[in-house]
Amino acid sequence: MSKFNVPDMTCGHCRASIEKAVGSEDGDAVLNFDLEGRTVEITSRLSDDELARLLEKEGYPGTTAA
């Protein structure tokens, strides 16, 4: 599982965009969002670097969280 801080993620549209981007690369990925905390936990076969690139490409740059 990877956890990212995504400061620009504020609404359901943001969530849907991230789900679509990650799902296009890993259809089995499981995402858990905390919109208020602006974090997303992603369980995926993709590496943290790959996930970070997908988030950035979608317009939601994020940093890995502890």
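Quick look at the numbers
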read-out	value
Residue-by-residue Karplus 3J(HN,Hα) for segment 38-45, coefficients 6.51, -1.76, 1.60, Hz, glycine and proline x	6, 10, 9, 9, 10, 9, 7, 7
The chain, relative contact order in percent, only Cα pairs under 8 angstrom and at least six apart counted	48 percent
Which labelled figure in (1) 10.1, 26; (2) 21.4, 67; (3) 26.5, 77 is Rg and Dmax of the Cα atoms in Å, once derived from the coordinates	(1)
Residues whose placed amide H lies under 5 Å from that of THR39, excluding near-sequence neighbours	VAL6, ASP34
Neighbourhood charge, 13 Å Cβ-Cβ cut-off, centred on ALA21 and excluding it, Lys, Arg +1 and Asp, Glu -1	-2
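Each reported figure results from applying straightforward, stated rules to the coordinates on display, with no laboratory input. Just so it is clear, the model here is predicted, and its values are computed rather than measured. Because the Cβ atoms are built from the backbone with ideal geometry, glycine has one as well, and the counts that use them run over all protein chains shown.
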